[in-house]
Amino acid sequence: MMTAKKSLTAAEIQAWLLSNLAETLQVALDQVDTEQPLDTYGLDSTQAMVIVTKAEKMLGFKIAPTLLWHYPTIASLSQRLAEESQELASDVEETFTVKNVAPILDLSAEAVLDPNIRPASGHFVFTSEPKNVFITGGTGFLGAFLIYELLQQTNADIYCLVRGAHPEEGKQKLKKNLQSYGLWNEIFRPRLIPVIGDLSQPLLGISKDTFEMLAANLDSIYHSAATLNYVYPYSALKTPNVLGTQEVLRLACLFKVKPVHYVSSVAVFESPFYAGKIVKEDDNFEHWQGIFLGYSQTKWVAEKLVTIARDRGLPVTIHRPPLIAGDSQTGACNTDDFINLVIKGCIQMGYFPDVDYRLDASPVDYVSKSIVYLSKQEESLGKAFHLQHPAPVPFSDLLAWMDSLGFAIQTIPYQEWQTKLINDISSAENPLYTLRPFLLESWSEEQITIPDLYLQSRRPIINCEATLNALAGSGIACPPMDTQLFMTYSTYLLQNGFLNVA
Ligand SMILES: NC(=O)c1ccc[n+]([C@@H]2O[C@H](COP(=O)([O-])OP(=O)(O)OC[C@H]3O[C@@H](n4cnc5c(N)ncnc54)[C@H](OP(=O)(O)O)[C@@H]3O)[C@@H](O)[C@H]2O)c1
């Protein structure tokens with residue numbers, strides 16, 4: 001049990017935080033600005049956890065770790081902690097947790113598209129044979145497969161937005177990324193053109209001349225980039241995910257109308273309003289209240305911006321994948337993604353929580369093939385697509401498969417698993433350690449944890465009939481989640497050393 005100590009003032013807490021942050025980041029005190037958002041210092045989740053743990057000891061009460069992100073500057077965080085410290089000091093016998101009282105955010109008020117973003121006047125002619133396409137997120141997981149499909153399904157040159165110091169570095173990053181998923185071929189080189197920039201900057205961080213040159217010459221745009229982080233709040237993700245999407249729409253509308261093929265997520269239906277309801281591709285997604293993850297909130301707002309642009313006349317297609325799993329043929333996947341890290345962490349821990357989840361995941365090759373194919377059909381314009389797995393399986397099937405492969409799997413009740421997570425996982429050697437803030441924090445009016453919020457009964461039923469109809473005749477089918485697929489995935493994870501059988 002933690003007992004509250006004597007109350008501290010905001011100034012005292014601020015001085016403490018300042019020196020600890022400077023020490024963690026190994027910079028001088030005067031290099032830390034108390035009004036500067038903490039995420040600009042590049043603090044990672046583990047470093048944040050270390051500071052939170054020390055602060056708890058100093059203050060004498062437990063802090064929801066992501067409070068750091070909801071009160072993003074040292075000044076605002078100190079103020080918030082001082083308020084709690086004063087309230088709690090009067091009653092030292094209780095166990096205290098500073099709840100995650102994120103400021104209420106009206107997402108519908110965030111969905112405002114710059115009024116200057118309107119499709120250029122003039123006649124738009126659809127082509128299924130684009131000559132010049134632009135893609136964001138080409139150094140990411142899905143982006144690698146989208147580039148690969150664009151190389152296969154079109155003859156276009158592919159301009160890729162890449163963060164980097166110069167084009168040569170951009171080229172290397174793209175090549176390395178495709179190589180890492182077993183997709184690279186030297187013949188691709190002349191068709192891949194890096195464009196150095198940054199989604200978080202106005203005009204995507206591209207010079208005005210280059211932005212205008214692209215605007216005048218591109219035929220279509222694939223927007224897959226986003227910062228995927230389940231711990232950061234909306235405020236820390238808004239710039240790349242929301243404002244970045246606005247800049248992509250600006251590029252699409254300038255000089256010449258270019259269709260935007262936008263990678264959204266089924267997370268736009270995360271409001272409890274949709275729990276247990278069937279949602280179809282063309283259903284509206286007005287309800288945002290109760291979407292708690294900052295990442296999901298940015299995806300909701302960003303998709304709204306895309307629909308506003310659509311309503312102003314921009315041709316768009318919207319693609320909502322569920323969790324994206326590995327390549328169904330090779331098993332190649334992003335080992336840093338949430339589901340892989342949780343599985344690895346649970347194997348290391350020796351326990352899985354007994355939860356009612358469905359494995360809502362689609363292989364990346366199904367997602368990428370579908371997006372590129374659908375983007376080439378004129379009748380897709382203006383529509384949304386659900387790249388949901390048509391026959392998802394329960395999480396328990398995954399555990400049964402793992403068991404049969406020799407992984408020591410023991411399931412325990414969720415509360416017990418949570419207690420083990422708190423008491424037994426104390427170092428970053430287990431990937432669950434850095435996910436603890438995400439897994440343990442209490443959210444919503446009910447103050448329940450994120451894994452509770454994602455229980456099957458609280459999730460929407462994503463219908464993908466219209467998408468399957470649109471794919472009919474294309475030869476693209478979602479591979480079934482069966483023993484064979486699971487063997488492919490586990491073989492890949494074992495061969496590259498991510499998982500070990502004890
Ligand atoms: N993965 C999933 O399970 C899943 C599920 C549903 C929807 N989605 C959506 O699918 C899309 C792709 O996801 P993913 O799994 O491929 O993610 P990922 O592997 O994390 O890749 C993200 C990409 O976005 C780029 N990016 C991030 N911030 C940027 C910035 N400020 N400027 C320029 N580029 C930036 C990254 O570039 P760097 O290499 O420079 O970091 C990387 O290329 C996202 O829009 C995501 O929301 C993903």
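When you look at PRO240, is it within 11 Å of the ligand (Cβ to nearest atom), farther than 22 Å from ASN469 by Cα and in the same structural domain as THR136 (by TED's automatic domain parsing), yes or no? So PRO240 passes the test. When residues in region 134-162 are screened for being within 16 Å of ILE206 (Cβ to Cβ) and more than 14 Å from the ligand (Cβ to nearest atom), 0 of them pass.
Applying the condition of being more than 12 Å from the ligand (Cβ to nearest atom) and under 30 Å from GLN377 (Cβ atoms) to region 214-236 and asking which residue is surrounded by the fewest Cβ atoms within 10 Å (Cβ to Cβ) yields ALA216. Just to be sure before I move on: is PHE273 within 15 Å of the ligand (Cβ to nearest atom) and either surrounded by fewer than 19 Cβ atoms within 10 Å (Cβ to Cβ) or hydrophobic (A, V, I, L, M, F, W, C) (or both) in the structure I sent? Judged against the criteria, PHE273 is not a match. Within region 106-156, which residues are in contact with an Asp or Glu (Cβ under 9 Å, 6 or more places away or on another chain), assigned to a loop (DSSP other than H, G, I, E, B) and among the hydroxyl-bearing types (Ser, Thr, Tyr)? Correct list: THR127, SER128, THR154. Counting only strands (runs of 3 or more DSSP E) that sit wholly inside region 302-362, those with at least 2 residues that are in contact (Cβ under 8 Å) with a residue 40 or more places away in the chain and within 13 Å of the ligand (Cβ to nearest atom) are 316-320, 323-325.
Scanning region 373-392 for residues that are within 14 Å of the ligand (Cβ to nearest atom) and touching a helix residue (DSSP H, G or I) at 6+ places or on another chain (Cβ under 7 Å) yields PHE385, HIS386, LEU387, GLN388. Based on what the data block shows, is ALA165 assigned by TED's automatic domain parsing to the domain that holds ARG312, away from the ligand (no atom under 16 Å from the Cβ) and touching a residue at least 24 places away in the same chain (Cβ under 8 Å)? No: the conditions fail for ALA165. Note on region 449-493: residues that are more than 21 Å from the chain's Cα centre (by Cα) and either surrounded by 15 or more Cβ atoms within 10 Å (Cβ to Cβ) or farther than 15 Å from ALA332 by Cβ (or both) total 30. Residues that are among the charged types (D, E, K, R) and under 20 Å from GLU149 (Cβ atoms) were ranked within region 168-204; the one that is farthest from the ligand (Cβ to nearest atom) is GLU186. Among the residues of region 222-242, write down those that are polar (S, T, N, Q), touching a Ser or Thr at 6+ places or on another chain (Cβ under 7 Å) and within 22 Å of ILE450 (Cβ to Cβ). ASN241 - this is the single residue of region 222-242 that is polar (S, T, N, Q), touching a Ser or Thr at 6+ places or on another chain (Cβ under 7 Å) and within 22 Å of ILE450 (Cβ to Cβ).
Residues are listed down the side, and each one gets a yes or a no for (1) polar (S, T, N, Q); (2) assigned by TED's automatic domain parsing to the domain that holds GLY140; (3) farther than 18 Å from GLY205 by Cβ; (4) touching a Cys at 6+ places or on another chain (Cβ under 6 Å):
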| position | (1), (2), (3), (4) |
| --- | --- |
| PRO233 | no, yes, yes, no |
| ALA252 | no, yes, no, no |
| VAL257 | no, yes, yes, no |
| SER264 | yes, yes, yes, no |
| SER271 | yes, yes, yes, no |
| LYS277 | no, yes, yes, no |
| GLU281 | no, yes, yes, no |
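The rows are residues; the columns are (1) free of Cβ contacts under 8 Å to residues at least 24 places away in the same chain; (2) within 25 Å of the chain's Cα centre (by Cα); (3) more than 19 Å from ARG320 (Cβ to Cβ).
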site	(1), (2), (3)
TYR373	no, yes, no
LEU399	no, yes, yes
GLN410	no, no, yes
PRO413	no, no, yes
ASN430	no, yes, yes
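Scanning region 250-263 for residues that are within 20 Å of the chain's Cα centre (by Cα) and either surrounded by fewer than 24 Cβ atoms within 10 Å (Cβ to Cβ) or farther than 21 Å from ASP360 by Cβ (or both) turns up VAL260, HIS261.
Residues are listed down the side, and each one gets a yes or a no for (1) surrounded by 15 or more Cβ atoms within 10 Å (Cβ to Cβ); (2) of a type in the set (A, V, I, L, M, F, W, C); (3) within 22 Å of the chain's Cα centre (by Cα); (4) farther than 24 Å from VAL242 by Cα:
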{"position": "PHE145", "(1), (2), (3), (4)": "yes, yes, yes, no"}
{"position": "ASP157", "(1), (2), (3), (4)": "yes, no, no, yes"}
{"position": "GLN172", "(1), (2), (3), (4)": "no, no, no, yes"}
{"position": "TRP184", "(1), (2), (3), (4)": "yes, yes, no, yes"}
{"position": "ILE187", "(1), (2), (3), (4)": "no, yes, no, yes"}
{"position": "PRO202", "(1), (2), (3), (4)": "no, no, yes, no"}
{"position": "ILE206", "(1), (2), (3), (4)": "yes, yes, no, no"}
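Elements of the type helices (runs of 4 or more DSSP H) sitting completely within region 412-502 and holding at least 2 residues that are polar (S, T, N, Q): these cover 414-424, 465-471, 483-495. ASP198 falls short of the stated requirement of being among the acidic types (Asp, Glu) and either modelled with pLDDT under 95 or farther than 23 Å from VAL242 by Cα (or both).
The values are calculated or read from the model by the stated rules, or taken from the named source; none is laboratory data. Everything quoted here is computed from the prediction, not taken from an experiment. Positions of Cβ are backbone-derived with ideal geometry, glycine not excepted, and every protein chain shown enters the neighbour counts.
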